[in-house]
Amino acid sequence: MSGVEPRPAEGRVYDAYLHLLDRQVVDPDGELICKVDDLELELAEDGAAYVRAILTGPAALGPRIGGAAGALMTAVHARLSGGAGPGRIPFHLVADIGSAVTVSARPADLPIRGFEDWVRTTIIDAIPGASDAPE
Amino acid sequence: MGTPLVKRLLAVLLLLAACAGPSFSYRDYERKAAHTADEAASVVGSAMLTVELANGRRATRAYLSVLLGEAESTLGAIQQTFEGVQPPDRHADRLRAELGEHLDGAADVLAALRIEVRRGHVDALAGIAEPLGGLHDALEKLAEEHR
Amino acid sequence: MRLSELLGREVTDRTGVRIGTVIDVRLAQDGPPRAQGQAALRITGLIVSPRSSGRLLGYERTPKEGPWLVRMLVLGFNRGVRYVPWEWVDRIDTTPLRVDRAASEIPHLRDLPTPPGRP
Amino acid sequence: MKRLLAVTLGILTAIGGFVDIGDLVANALVGSRYGFALAWVVPVGVVGICLYAEMCGRVAAISGRPVFDLIRERLGPRLGLANLAASFLVTALTLTAEIGGVALALELATSVNYLLWVPLVGFLVWLVIWRVGFARMEQVFGLAGLLLIVFAVALWKLGPDWGQVLHDASHPALPPGEGLPTYLYYAIALFGAAMTPYEVFFFSSGGVEEHWTRRDVGVARSNVFIGFPLGGVLSLAIMGCTALVFFPLGVGVDTLGQVAMPPAVALGKVGLAIVLVGIFAATFGAALETGLSAGYTVAQYFGWQWGKFVRPLQAARFHGVTLLTIVVGVMVMLTTVDPIKVTEYSIVFSAVALPLTYLPILIVANDPEYMGERVNGRISNTLGTVYLVLVLAASLAAIPLMIATKAGQ
């Protein structure tokens, strides 16, 4: 990469930590999906780097928290999920970056819902009225 | 989840509260006695107000019964804490006896009040409560003298 | 590679002089077009603070706004913060990251023109 | 009436800050021990919570983001987690105490021991969170909590010399036999309770539950500027009543039963009945506020779907957290710990949570990328900064004072 002149930025400019990390991810109807716990980068051959995916879940958040709490979060998740990596939302699904990050996909179609599904099927679904519409 | 830790913390706090601790000088003992008398006077004062409510038919029996039950158990706790304090000398023994007498007197009245209100004899409360005024003044006087 | 692996990394210049710690990564939406016609986000540079921690608070683009206390915080955080264009980063698999320039050539963040923000 | 129905979110939120179980007893205790000498703290707290609730209500209306989203975003995952731990503990401890408080109110009405009521109360709190719509919930409990206005009626009936009251309140003096550290401890406890963090969690999340948009900034404001001052008035009325009834006799209030005495003294059985229903509604409302806030904070930190505006199935983890918190709260209450003591100790965790909650609100409320034209004005910012410093000072002083005064004994 050395010696290459910086390519001037076109299009909108974001600061990754300020504008993307830790933001809420929502679907086009406003359903809450997850947080941007981390971003996956892709290095091209010419040295340029691109954002490839949103990473989410304890396997992405734990390392960012660091220390004992972060290690615990990562370890518990690894134990319960059988060593699965973080949830991944390809960045081309991102439709808008604002106070939330909107993705054009149904939450059910994204591979990030393990814990929610577990809580739903083992606890919540067993309680009468769980699927009643709100007043 | 958090229960064991919370419980342990509470246990420690309760222990700290329960250990009124050994008392070393007469002056320390005196201060503790004054504090005890103050607290007891407050309970007795509250019970007197409760009886006034009963007299004026301004409260339900259930409510009066809870209030008088609370007053009795609060006074019991105050009494127990004070009795746990070691009097340092003969001088302190006299103070202990004097305050103890007032506390016992108040405890007897409060117990009688609680018993009667639970039997439904709201009218009888005023008569039973008569000694409370004197006890209240005696406790306040003792607190004043030894503060 | 994860973005968080860049955050917090130490950065030195060509001669090994410490420049600071990466506190943010600047992205521009001008990469090759993706499936829905959106351009990919490309890393344009690193935001490097001489302190070992700190972060952008969101006033960097409009420094005259905000309550006094927050302005002071931002000013404090931003003192000496520099912008390292991505192309100047020598290799990204080393610790510390090495920039192929002398420290004096690296611009300060506050001297850069305000980037086009969100709509 | 329609106007009142539109501001029930503000009223219910304020109940949690001014007349929940801890505050009912604290207000009464302060009145009985200090007369009107601590009354000034209440308006100071009202202004502070109005200021920050207005900011977070505006942020929620314009961006749809509740407070804990902002905390995670601007503080990052580490400090955000520290705040989550502290805020969750405050909220869960308070919920625990409220369950006990509702049970105590039932004991006062029936003379059946409160411990027997605790499991039923826990179940009812959960049932309301599970089944009842958000708007109906805030209307029923917000308005029923307003029955505590009976304290104001009692105060008027007790007929104090208002000139003297005003003088005592504006020239605070330590009563004989009271030390300054204890006085300061109660001042900070009242201020901290007025600004307790779950109020802004609940208020901003409630705005999202009610689908506020840019057009509802006015609704958010009327909620703030009616709800919290009303809470403050209730708080002062309780303090005034006990200052008149107990302070001259030297009786210190420390049980919920005693709190209910002044309306009975002034208004008889009717007053007593109203005050007991009011206490029940206020503590129950505060239990709902804290129970939901426990779920809101965790779900918003981790990005889970939350809220009562979706089917419970769609927010399984959120409902899981509230259910678990209530169950643990009931179990803690059943160990016979004193509910009022529990709220006193939650102040320790408030010390961490308060500054870490209000700073991100102030930052985001000024961010034009977030707020567009509706960023803070000069008054909000000046007062906001002053209160941030106050909150910081109070939270630093709270723990040493609590230890030095043995929690105000």
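Quick notes on this one:
- Whole-angstrom gap from segment D:74-89 to segment A:24-89, using each part's C-alpha centre: 18
- Computed [θ] at 222 nm, helices only, for chain A once each DSSP H run of length n ≥ 4 contributes -39500 (n - 2.57): -7000 deg cm²/dmol
- 20 Å reach of a label modelled at D:HIS171, 7 Å along Cα-to-Cβ, counting backbone N of segment D:19-39: D:34-39
- Between D:LEU324 and B:ALA111, the FRET efficiency estimated from the beta carbon spacing at R0 = 51 angstrom works out to 0.75.
- Counting only GluC sites (Glu not before Pro) that DSSP places in a loop and that have at most 14 other Cβ atoms within 10 Å, the longest clean stretch of chain D runs over D:179-372.
- Interchain or long-range residues, amide H under 5 Å from C:GLY45's placed H: C:ARG26, C:TRP86
- Nearest 10 degrees, 0 to 90: helix D:316-334 Cα axis against chain D principal axis: 20
- Sequence-distant residues sharing a close amide H with C:GLY20 (under 5 Å, placed H): C:VAL11
- Label-to-label distance, C:LEU75 versus B:SER25, with points set 7 angstrom from Cα along the beta-carbon direction: 5.5 nm.
- Across segment A:59-66, coupling constants 3J(HN,Hα) worked out from phi with the 6.51/-1.76/1.60 Karplus curve, θ = phi - 60°, read 5, 9, 6, x, x, 6, 5, x Hz, and Gly and Pro carry x.
- Tail beyond 21 Å, pair distance distribution of chain C (Cα, percent): 42
- Sites D:LEU180 and D:THR336 - FRET efficiency at Förster radius 30 Å, r taken between beta-carbons, to 0.05: 0.30
- Based on C-alpha pairs under 8 angstrom that are at least 6 apart in sequence, chain A has a relative contact order of 21 percent.
- Most mobile of A:THR122, A:THR102, A:THR56 in a GNM of chain A (Cα contacts under 10 Å): A:THR122
- For the peptide C:20-31, the mean number of other protein chain Cβ atoms found within 10 angstrom of a residue's Cβ is 6.
- In Hz, Karplus ³J(HN,Hα) per residue of segment D:208-219 (6.51, -1.76, 1.60; θ = phi - 60°; x = Gly, Pro): 5, 4, 8, 6, 4, 10, 2, 6, 9, 4, x, 4
- Cα-centre dipole for the protein assembly as shown with unit charges at Cβ (Lys and Arg positive, Asp and Glu negative), debye to 20: 1340
- Shielding value for D:239-250 is 2, the average number of Cβ atoms from other chains within 10 Å of each residue's Cβ.
- Annotation: amide H of A:LEU39 within the under-5 Å range of A:LEU55, C:LEU3, C:SER4, sequence separation 5 or more or interchain, hydrogens built in the peptide plane.
- The distance between label points at A:TRP118 and A:ALA95 comes to 3.1 nm (points 7 Å beyond Cα on the Cα→Cβ vector).
- Label sites at B:GLN86 and C:GLU5, each approximated as a point 7 angstrom past Cα along Cα to Cβ, lie 6.7 nm apart.
- Sites B:ASP104 and D:ILE403 - FRET efficiency at Förster radius 30 Å, r taken between beta-carbons, to 0.05: 0.30
- Inter-part distance where segment D:1-62 and segment B:97-117 are each reduced to a Cα centre, Å: 41
- Across segment D:24-35, rounded Karplus estimates of 3J(HN,Hα) from the backbone phi angles (6.51 cos²θ - 1.76 cosθ + 1.60, θ = phi - 60°) give 3, 6, 5, 4, 5, 5, 4, x, 6, 9, 10, x Hz, Gly and Pro being marked x.
- Inter-part distance where segment D:97-140 and segment D:228-253 are each reduced to a Cα centre, Å: 25
Read-outs throughout are calculated quantities, based only on the coordinates presented, and are distinct from any laboratory measurement. These figures come from a predicted structure and were not determined experimentally. Quick reminder, even Gly has a Cβ in these numbers, built from the backbone with ideal geometry, and neighbours come from all protein chains shown.
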